[in-house]
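Visitor: Can you read through this structure? Questions will come right after.
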Amino acid sequence: MSDAAPPVVRIDGVTKTFPQGNVTALQEIDLALAPGEFVSLIGPSGCGKSTLLRVIGDLIEPTAGTVTVNGKPARQARSDGDYGIVFQDAVLFDWRTVAKNIGLPLEMLGWDRAKRRARVEEMLELVELGGFADHHPWQLSGGMQQRVSIARALAFEPALLLMDEPFGALDEMTRERLNLELLSIWQQLGSTVVFVTHSISEAVFLSSRVVVMSPRPGRIAGTVPIDLPYPRAVETREAPRFFELVTEVRELLRTRGEHLLPEEEAAL
Amino acid sequence: MTNAAAAATVPHRLRLPGSVRRAAAVLAVVAVLLGLWELYRWVWTTTGWTWPFLVNDVSMPHVWTIVKAFGEPAQVNQPSLISILLHKALFTAKEAAAGFGIGAVIGFALGVILVHSRLLQRGFLPYIVGSQTIPILAIAPMVVVWVNPRLPGPLQGWGAVAVIAAYLTFFPVAINTLRGLQSADPRALELMRTYAASRWAVLWKLRVPTSLPYVFSALRLAATASVVGAIIGELPSGLQDGLGGAIINFNQYYSLEPQELWATNVIAAALGIAFFLVVVAAERIVVRRAPETLT
C-alpha cells in the first residue's frame, strides 16, 4: 500500500459484539484503505464482512476501536455525505422515477433543481441508462435497477463507495457484465471502493486487494494483493495469473476460515 | 386450440373500450340485482311463504314503485321527491365531506405522531381503539350539546354533525397511517441514515410515500363511514335538512308509503358510493406504484 497519501478509511482495533446471544461479530480489526483502492471483503456467512461495512458507514457503532473516513470520525463523515452505499437489493423508491431516485441524495444535500437535473443526466449516461430517466423502478430488470442504485450512490461524487454484495441477487451473465461496468466507472471517477462479496472470482476480478475474513469471531484471516493490471477485461478471467490468485484466496479461506458450515465448505 | 386461435383473431374494432365494458358490467350487475329482488318477491307472494318475513307491497315494494316515487311529490304542493332528496343529499354530503376532511387530517396526524414514539403508541392506542367501541348514537347527542354552542353562525347545526362524522373517520385513517408509516423498508431507512437525513426528511421522502396505499385503503373505508356518520349525526341534532332527517320522517309513514323510505335509502347508498369513488379517483392520481400492487 502506498504510504504517501493519507488513507481514505482507517480502522483501528474495531471490535463489535452484539449483546443478544453474546456474539462477537468483529474482533480487533485493523485495516486502512489508500485513495483509489478497490478492496473486497470476502468470507463465509457470519464472518462480519457486512457488519464491518456498516461500521465504516457509521450505520453500526463499534463496541471498541475507532473508524476514520477522510480523516474524520465515521459519524462526521456520514453527516458530511462522504460515502455512497449500494445494497444487495437496489432499494429504489417505487414512487419515484429513475431520474428522481438518482437525484434523491442530491435533494438531501440541498442541490437546486437545475444542478440536480444536469448531474442525473450525467449519471444516467455513466450507467448506460440514457433512455430510462422517466421509467419507474418496477419497469426495469434487476440488473438495470442495480445500475440505478449505483448511479444514486455515486451521484454526489463521494470519495468512498461502500457496496454490500451488490450483484449477489443477479444472474451470472448480468453479474459479469456489471463487474466490467463497475470497473470502468471506478476508473473514470477514481473513488475508493469497499466491496463485500461471497464470490471469490468476483473479488479477484474487481479488486486491487482482497481481504479474507473468517467467522466466529469475525476477523481478518489474510490479505491478497491482486497484481492483475487494469483495465481488466473479459480475458482477465482467462489469464493463468487470475487462476493463481483465485486459488490463493480459496486456500486462505479454506485454511484460515475454520468452523465453516458444510454448505460453505462445499461452496469453496 | 382452434377456439383460442379464433378468439385471438377477433377484429379489433369489435372489442369495446375498457371503460365501456366496465360500465356495462356495472349496469348488468344492477339489472341482475333488481331482477333477483322481483323474483324473490314473486316467489314469496305466489307461494305465500312467510319465512324469514312476510313479503308484500310494504315490506318489499316493486322496483318500479320505488323508481316512480322519485318523480312524484311526497306531499301535495311539493317538488318531486327526487329533487327534495338531492337537496338533502347535498346537505348531508357537506357534513360528510367536512367530517371526512377533519377526520382524515386528525387520523393522519395521529399516525405520524404515534410512529415516532413507542411510548405514545403504548399509551394512546388502547384509547383510540376504545373510542370506536362506544356506539356513535351514544356520543352524538353529547357532541351536539358541546360543539354547537361554540360554533359560529354559518356552521350552526351541521358543524356538530361534521364532528360526529369525523369521529367515525379518524379511526381507520389513524390505524392504517401508523401501519403504513411503519412499513417502510428497513434498508431504505438505512439508506436515509447514510444521507444523515432528518426525521422530517425521512417522514416526507420515505415514510409517507410508503404509507400512501395503506392510507388510501383507510380513506376508502372512511369515505363511506363519514356518510353514515353524517346521517346518524343528524338524528339527535334534530336537523331536517339532510338525509338523516328524511329517513326519520319517511320512517313514520313507512306502513303507508314504503317506497319513499326505499328511495331515500337508494340516494343515501348512492352518496356513499360517490364518496368512495372520489377517493378511488384521488388514489389513482396520487399513488404511483407498480401496477400489480394497485388494487
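Visitor: Of B:Q121, B:Q132, which residue is under 21 Å from the mean Cα position of the chain (by Cα) and surrounded by fewer than 17 Cβ atoms within 10 Å (Cβ to Cβ)?
Guide: It is B:Q132.
Table: residues versus (1) within 14 Å of another protein chain (Cβ to nearest Cβ); (2) touching a residue at least 40 places away in the same chain (Cβ under 8 Å); (3) buried (at least 24 other Cβ atoms within 10 Å of the Cβ); (4) over 18 Å from B:A201 (Cα atoms).
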{"position": "A:G43", "(1), (2), (3), (4)": "no, yes, yes, yes"}
{"position": "A:G65", "(1), (2), (3), (4)": "no, yes, no, yes"}
{"position": "A:R75", "(1), (2), (3), (4)": "yes, no, no, yes"}
{"position": "A:A99", "(1), (2), (3), (4)": "yes, no, no, yes"}
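Visitor: How do the pairs read when you match residues in the range A:215-240 that are more than 27 Å from A:K16 (Cβ to Cβ) with residues anywhere that are open to solvent by 50 Å² or more (accessible area, probe 1.4 Å) and at pLDDT 90 or above, using Cβ under 7 Å and keeping only pairs 6 or more apart or on different chains?
Guide: A:L228/A:R241; A:Y230/A:Q187; A:P231/A:Q187
Visitor: So for the range A:103-113 (the condition being away from chain B (no Cβ under 13 Å), within 25 Å of the chain's Cα centre (by Cα) and either in contact (Cβ under 8 Å) with a residue 24 or more places away in the chain or open to solvent by less than 40 Å² (accessible area, probe 1.4 Å) (or both)), does at least one residue qualify?
Guide: First, the residues of the range A:103-113 that are away from chain B (no Cβ under 13 Å): A:112-113.
Of the ones still in play, those that are also within 25 Å of the chain's Cα centre (by Cα) are none.
Looking for residues that are away from chain B (no Cβ under 13 Å), within 25 Å of the chain's Cα centre (by Cα) and either in contact (Cβ under 8 Å) with a residue 24 or more places away in the chain or open to solvent by less than 40 Å² (accessible area, probe 1.4 Å) (or both), one finds none in the range A:103-113, hence no.
Visitor: When both residues are 6+ apart or on different chains and their Cβ atoms are under 6 Å apart, which pairs have a first residue that lies in the range A:168-187 and is over 12 Å from A:E202 (Cα atoms), and a second that is assigned to a loop (DSSP other than H, G, I, E, B)?
Guide: A:A169/A:Q88
Visitor: Give the residue, chosen from B:V112, B:V163, that is in a helix (DSSP H, G or I), closer than 18 Å to B:S237 by Cα and away from chain A (no Cβ under 14 Å).
Guide: Values: B:V112 fails: closer than 18 Å to B:S237 by Cα.
Among B:V112, B:V163, only B:V163 is in a helix (DSSP H, G or I), closer than 18 Å to B:S237 by Cα and away from chain A (no Cβ under 14 Å).
Visitor: Looking at the range A:120-140, which of its residues are within 14 Å of chain B (Cβ to nearest Cβ), open to solvent by less than 70 Å² (accessible area, probe 1.4 Å) and outside any helix (DSSP H, G or I)?
Guide: Those that are within 14 Å of chain B (Cβ to nearest Cβ), open to solvent by less than 70 Å² (accessible area, probe 1.4 Å) and outside any helix (DSSP H, G or I): A:H135, A:H136, A:L140.
Visitor: Can we say B:R199 is charged (D, E, K, R) and touching a residue at least 12 places away in the same chain (Cβ under 8 Å)?
Guide: yes
Visitor: Filter the range A:162-213 down to the residues that are modelled with pLDDT under 90 and among the basic types (K, R), then identify the one that is least open to solvent (accessible area, probe 1.4 Å).
Guide: A:R175
Visitor: Here is a further query. Which numbered condition trips up A:P158, out of (1) in contact with a helix residue (DSSP H, G or I) (Cβ under 8 Å, 6 or more places away or on another chain); (2) open to solvent by less than 20 Å² (accessible area, probe 1.4 Å); (3) within 12 Å of another protein chain (Cβ to nearest Cβ); (4) part of a loop (DSSP other than H, G, I, E, B)?
Guide: (1)
Visitor: Please note which helices (runs of 4 or more DSSP H) are completely contained in the range B:187-270 and include at least 3 residues that are more than 14 Å from chain A (Cβ to nearest Cβ) and open to solvent by 40 Å² or more (accessible area, probe 1.4 Å).
Guide: Qualifying helices (runs of 4 or more DSSP H): B:208-237, B:243-252.
Visitor: Out of the residues in the range B:52-77 that are open to solvent by less than 60 Å² (accessible area, probe 1.4 Å), out of contact with any Leu (no Cβ under 8 Å at 6 or more places or on another chain) and among the β-branched types (V, I, T), state the one that is farthest from B:L261 (Cα to Cα).
Guide: Residue satisfying both the conditions and the ranking: B:V55.
Visitor: Follow-up. Can you name every residue in the range B:76-90 that is over 19 Å from B:L277 (Cα atoms) and in a helix (DSSP H, G or I)?
Guide: B:L81, B:I82, B:S83, B:I84, B:L85, B:H87, B:K88
The values are calculated or read from the model by the stated rules, or taken from the named source; none is laboratory data. Only a predicted model underlies this, so the values are computations on that prediction, with no experimental measurement involved. Neighbour counts are summed over all protein chains in view; Cβ atoms, including those assigned to glycine, are modelled from backbone coordinates with ideal geometry. Just the protein is used for accessible areas: all its heavy atoms, side chains included, with ligands, DNA and RNA removed. Shrake-Rupley method; radii C 1.70, N 1.55, O 1.52, S 1.80 Å.
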